[in-house]
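Engineer: Please read through the structure below; I'll follow up with questions.
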Amino acid sequence: MIAKLKGMYGSGIEPLTYAGQNYMVVDNSLIPEILQVLRNEEQFDYCVDITALHYPAREKQFDVIWVLYSFARNERIRVKTQIADGASLASSVPIWIGANWLEREVYDMFGIKFDGHPDMKRILLPEGWKGHPLRKDYGILQQDNEWVQINLGIESGQ
Amino acid sequence: MTDIHTTHPHLDLETHEKPFLDANELVINMGPQHPATHGVLRVILRLDGEKVLGLECVIGYLHRGVEKIGEHRTYTMFNPYVDRMDYVAAVSNGLGYCETVEKLLHVEAPPRAQHVRVILTELNRIASHQLWLGTHALDIGAITPLFYTFRDREEILKIYEKYCGARLTTHAFRIGGLQYETYTGFEKEVKNFLDFFRPKIDEYEELLTTNRIWVERTKGVGIISAEDCIAYGVTGPVLRASGVKWDLRKAQPYANYKNFDFDIPIGENGDTYDRYLVRMAEMRQSVRIIEQALGALPEGPIMAKVPKVMKPPVGEVYHSIEAPKGELGYFIVSDGSTQPYRVRVRPPSFVNLQALDEMCRGELVADVIAVIGTLDIVLGEVDR
């Protein structure tokens, strides 16, 4: 399968493996096309998880990762792509409807927007919260003190 | 229903041709404080009379930033935190996390440790399903099953307390194996529990399975098809009740599940009644697995050779297990230091809760409660 995809996309895909798990690093211009191909042709019909990583020292700071599973093939792969701060990716909600809340959480925690998402707003943190906690420049004890003062009426969150 | 139609023809709910009241939507808040939402879950319902047109879940009231904390703790220090996510089935959470870190470290727990892990995890599955049954029946109105299941669940919690000192958030496993050897009398007590428990499942079934009220309230309620389940990413008993015969213990075996013989119960219609039957059957299968495990406990060490200061090589691993609620996945990225670079928890309840809207459209308000119960969500896991 990897050979076929590499044949289609050439240098845009880099297949790797670690600890017996296969994953591929793709160019962000290939999203969502490659996800559609994986779902429609390669039968990866179950989107297990969508998550992100933040590497502040890198030029393209964020890694967005899709973990996909195919019932028919009993196989799990990961698709990884890199995007810069402020850039956005196409939403996978048209491909797997379950990607809805998963993408909202990535937006909430990292600030990565997904174009075409039906409901792009925060999910775990309250609306109006400023900041994206899972970024590496957000402190472990840091809170949005302004929101806390206005909404909870206390001086600080601690 | 038919009486209303004949005496008040303008209350026809099907056609709305002559609306009695203005047929506007009523938006009602089922607030975070509610006795039947299994935690702090807020559901905003759009109703037309009593029929649900749509709903939206607002979550995050129990968000504790567990994933952020994971980046600031060492691997062993983070182990107790994972129990607190799905606090009902803490042992499974621990199993998933320990196995994922073991994969990162390229070690494998010794056979005896894996065996004891299976026993404790299956006991946890029974305990989780018992709590589910008690609370789900309570939401629908049956009060007795709650007392029966909690009374019987005590026996399992006593075993945990004797084993690791804690009843609920057990921290039972360690990275590389187990810390505590099984206490003297462990096998005998677990065997006694199984003999005690087998007739209890029949007792629960006697109360509910053919009970007319139960069947009326759960048959045909909250139907979700297999295709929708797969599209939403729903896993666990909900997926199996819709007819998909898939269980991670068989599809991608972990611990030593491949050495045990058990069935995967599935349902046909994907309604609440089928999910109830699937979970009852799962309890029976868990009893079967524990029985087989007890008979074949190997001797040997309980802890693999893991360094005291754990610095896994740079890499990332995704590993998932079949928790009682569904597929619980851990995606851990290591940068070579003592603390993980990222710990991502893929919670089954979070993904299953998305399907609530789909399952409740066209149902009545009372059915929303039944469906929330049948999804078996734990807000600690949804929000982390």
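The values are calculated or read from the model by the stated rules, or taken from the named source; none is laboratory data. Since the structure is predicted, the reported quantities are computational estimates derived from the model, not experimental observations. Neighbour counts are summed over all protein chains in view; Cβ atoms, including those assigned to glycine, are modelled from backbone coordinates with ideal geometry.
Engineer: All but one of (1) surrounded by fewer than 21 Cβ atoms within 10 Å (Cβ to Cβ); (2) among the charged types (D, E, K, R); (3) assigned to a strand (DSSP E or B) hold for A:ASP49; state the number of the condition that does not hold.
Structural biologist: (1)
Engineer: Where in the stretch B:62-179 are the helices (runs of 4 or more DSSP H), entirely inside, with at least 3 residues that are among the hydroxyl-bearing types (Ser, Thr, Tyr) and more than 14 Å from chain A (Cβ to nearest Cβ)?
Structural biologist: Values: elements: B:66-70, B:75-83, B:90-105, B:111-140, B:144-164.
Filter on the stretch B:62-179 gives B:111-140, B:144-164.
Engineer: Okay, moving on. Hey, among the residues in the stretch B:337-353 that are in a loop (DSSP other than H, G, I, E, B) and in contact (Cβ under 8 Å) with a residue 40 or more places away in the chain, which one's nearest to the other protein chains (Cβ to nearest Cβ)?
Structural biologist: The residue in question is B:TYR341.
Engineer: Checking B:GLU187 against (1) within 26 Å of B:ALA296 (Cβ to Cβ); (2) surrounded by fewer than 17 Cβ atoms within 10 Å (Cβ to Cβ); (3) free of Cβ contacts under 8 Å to residues at least 40 places away in the same chain, only one condition comes out false. Which one?
Structural biologist: Of everything listed in (1) within 26 Å of B:ALA296 (Cβ to Cβ); (2) surrounded by fewer than 17 Cβ atoms within 10 Å (Cβ to Cβ); (3) free of Cβ contacts under 8 Å to residues at least 40 places away in the same chain, B:GLU187 misses just condition (3).
Engineer: Just a yes or no: is a residue in the stretch B:354-362 within 13 Å of chain A (Cβ to nearest Cβ), closer than 26 Å to B:GLN179 by Cα and not in a strand (DSSP E or B)?
Structural biologist: Among the residues of the stretch B:354-362, not one is within 13 Å of chain A (Cβ to nearest Cβ), closer than 26 Å to B:GLN179 by Cα and not in a strand (DSSP E or B), which makes the answer no.
Engineer: Let me ask something else about it. Based on this model, can you work out whether A:TRP66 counts as of a type outside the set (Val, Ile, Thr), assigned to a strand (DSSP E or B) and more than 9 Å from chain B (Cβ to nearest Cβ)? Before the answer, list the steps.
Structural biologist: Numbers: of a type outside the set (Val, Ile, Thr): yes; assigned to a strand (DSSP E or B): yes; more than 9 Å from chain B (Cβ to nearest Cβ): yes.
Yes.
Engineer: One residue is enough: does the stretch A:98-107 have a residue meeting the conditions out of contact with any strand residue (DSSP E or B) (no Cβ under 6 Å at 6 or more places or on another chain) and of a type in the set (A, V, I, L, M)?
Structural biologist: No: zero hits.
The rows are residues; the columns are (1) under 23 Å from B:PHE350 (Cβ atoms); (2) among the hydrophobic types (A, V, I, L, M, F, W, C); (3) assigned to a loop (DSSP other than H, G, I, E, B).
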residue: A:PRO118; (1), (2), (3): yes, no, yes
residue: A:LEU124; (1), (2), (3): yes, yes, yes
residue: A:LEU134; (1), (2), (3): yes, yes, yes
residue: A:GLY139; (1), (2), (3): no, no, yes
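Engineer: If you don't mind, there's one more thing I want to ask. Suppose we keep only residues that are within 22 Å of the chain's Cα centre (by Cα) and part of a loop (DSSP other than H, G, I, E, B) within the stretch B:289-336. Which one would you say is farthest from the other protein chains (Cβ to nearest Cβ)?
Structural biologist: My answer is B:PRO324.
Engineer: Please verify whether A:LYS130 is surrounded by fewer than 17 Cβ atoms within 10 Å (Cβ to Cβ), within 14 Å of chain B (Cβ to nearest Cβ), assigned to a loop (DSSP other than H, G, I, E, B) and not acidic (Asp, Glu), treating the condition exactly as stated.
Structural biologist: no
Engineer: Same structure, new question: Checking B:ASP376 against (1) away from chain A (no Cβ under 14 Å); (2) at negative phi; (3) surrounded by 24 or more Cβ atoms within 10 Å (Cβ to Cβ), which test does it fail?
Structural biologist: Of the numbered conditions (1) away from chain A (no Cβ under 14 Å); (2) at negative phi; (3) surrounded by 24 or more Cβ atoms within 10 Å (Cβ to Cβ), the odd one out for B:ASP376 is (2).
Engineer: Further, regarding this structure: In the stretch A:69-96, what residues are touching a Cys at 6+ places or on another chain (Cβ under 9 Å) and part of a loop (DSSP other than H, G, I, E, B)?
Structural biologist: Hits for the stretch A:69-96 are A:SER92, A:ILE95, A:TRP96.
Engineer: Taking the stated definitions as given, is A:PRO56 surrounded by fewer than 20 Cβ atoms within 10 Å (Cβ to Cβ) and more than 11 Å from chain B (Cβ to nearest Cβ)?
Structural biologist: yes
Engineer: Name every residue in the stretch A:90-118 that is within 15 Å of A:ASN28 (Cβ to Cβ), aliphatic (A, V, I, L, M) and crowded, with 20+ Cβ neighbours inside 10 Å, in order of residue number.
Structural biologist: Those that are within 15 Å of A:ASN28 (Cβ to Cβ), aliphatic (A, V, I, L, M) and crowded, with 20+ Cβ neighbours inside 10 Å: A:VAL106, A:ILE112.
Engineer: If you take the residues in the stretch A:43-78 that are farther than 21 Å from B:ARG344 by Cβ and in contact with a Ser or Thr (Cβ under 7 Å, 6 or more places away or on another chain), which one is modelled with the highest pLDDT?
Structural biologist: Looking at residues that are farther than 21 Å from B:ARG344 by Cβ and in contact with a Ser or Thr (Cβ under 7 Å, 6 or more places away or on another chain), I get A:ASP45.
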